[in-house]
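S.K.: Here's a structure for you.
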Amino acid sequence: MTQEQKPQKSAVGLKYEEGETPTLVAKGFGDLAEDIIALAKENGVLVHEDEHLSEFLSRLDIGQEIPPELYFVIAELIAFSYVLQGKFPDSWAKLHNKISKHV
């Protein structure tokens, strides 16, 4: 594969507010994709790399909510990001009696 045939890097950014559907807030290809990723990391936003998910999400317009077909996968990514940040729902602590809120 030559340099010209190498696929361009792409990046998308989602915004999630509790109780609302995640919305596409950024997307870009090539240098802009690199800038989006760098800016996210600089601001403590967790970055998930998935070429297929990114390709699908990049078809959305900025400001558009994710489609229902992606609710489950995006919900899992959001939940996992919370766990990585040490955030756990109160219901988990009560259910398992093993999760300390003092992490």
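S.K.: Just to be sure I understand the filter: pairs with C-beta atoms under 7 Å, separated by 6 or more residues or on different chains, first member in the stretch 37-57 and at negative phi, second member part of a loop (DSSP other than H, G, I, E, B) and surrounded by fewer than 13 Cβ atoms within 10 Å (Cβ to Cβ). Which pairs pass?
M.R.: Every condition considered, the pairs that remain are Ile37/Val47; Ala40/Val47; Lys41/Val47.
S.K.: Looking only at residues that are part of a loop (DSSP other than H, G, I, E, B) and among the aliphatic types (A, V, I, L, M) in the stretch 28-72, which one is surrounded by the most Cβ atoms within 10 Å (Cβ to Cβ)? I'd like the intermediate steps shown before the answer.
M.R.: Residues of the stretch 28-72 part of a loop (DSSP other than H, G, I, E, B): 30, 43-50, 58-64, 66-67.
Narrowing further to those that are among the aliphatic types (A, V, I, L, M): 45-47, 60, 62, 66.
On the way: Val45: 14, Leu46: 13, Val47: 12, Leu60: 17, Ile62: 11, Ile66: 19.
So the residue we want is Ile66.
S.K.: Just give me the residues in the stretch 80-102 being modelled with pLDDT of 70 or more, more than 18 Å from Leu24 (Cα to Cα) and in a helix (DSSP H, G or I), in sequence order. Show your work before the answer.
M.R.: So the first thing to find is which residues in the stretch 80-102 are modelled with pLDDT of 70 or more, and the list is 80-88.
In the following step, the residues that additionally are more than 18 Å from Leu24 (Cα to Cα) were identified as 80, 82-88.
Passing the criteria: Phe80, Tyr82, Val83, Leu84.
The values are calculated or read from the model by the stated rules, or taken from the named source; none is laboratory data. This one's a predicted model, so the numbers in the text were calculated from it and none came from an experiment. Cβ coordinates were reconstructed from backbone atoms using ideal geometry, including for glycine residues, and neighbour counts include every protein chain displayed.
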